[in-house]
């Protein structure tokens, strides 16, 4: 479920921004094959980061309850991220997700070095990913940073609310605590 929410959050921000920027030329822009290629690149790359941020926000949220089981918890989170990426396939511009997985693994390892963070703090990487890959020339978006950040955070918090709303935290904590790393 988290991968579908991450894909929607990434896509909604990017598409909405591009529609507003294009204005009355929206239909022409979205019909352009070059724009579609750049848009697909942006959506896929942003998806991988939004997904990572969602999993890392979950780590921050549950870490206090799993402090004695961090290795098992992190092993589960690594599997969740890899499986979610794999469930979406590999986009045309990539050969695999290995760099995204490596970046996620590094970020997950770094979580141990700091206190748990809020979802909006974790989502800073999503904001950067959207801003860096938008299919709009940098000169045409140089004053739009606040709007882009707001859109990304709004959609990320909607994702976060949907993911946590139905989550049985007690069951997750109990399951992870009962199965140390390497246990069947």
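Structure above, values below:
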| item | result |
| --- | --- |
| Residue 16, sole failed condition from (1) at pLDDT below 95; (2) over 14 Å from residue 134 (Cβ atoms); (3) surrounded by fewer than 18 Cβ atoms within 10 Å (Cβ to Cβ) | (2) |
| Residue satisfying condition, being in contact (Cβ under 8 Å) with a residue 40 or more places away in the chain and closer than 17 Å to residue 176 by Cβ, within set 57, 162, 84 | 57 |
| Residue check, residue 15 out of contact with any helix residue (DSSP H, G or I) (no Cβ under 7 Å at 6 or more places or on another chain) and touching a residue at least 12 places away in the same chain (Cβ under 8 Å) | yes |
| Test: residue in the stretch 64-78 that is closer than 23 Å to residue 149 by Cβ and in contact with a helix residue (DSSP H, G or I) (Cβ under 9 Å, 6 or more places away or on another chain) | no |
| Matching residues, the stretch 30-52, being touching a helix residue (DSSP H, G or I) at 6+ places or on another chain (Cβ under 6 Å) and surrounded by fewer than 18 Cβ atoms within 10 Å (Cβ to Cβ) | 35 |
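The values are calculated or read from the model by the stated rules, or taken from the named source; none is laboratory data. All values reported here derive from a predicted model rather than from experimental measurement. As a convention, Cβ positions derive from the backbone with ideal geometry for all residues, glycine included, and neighbour counts pool all protein chains shown.
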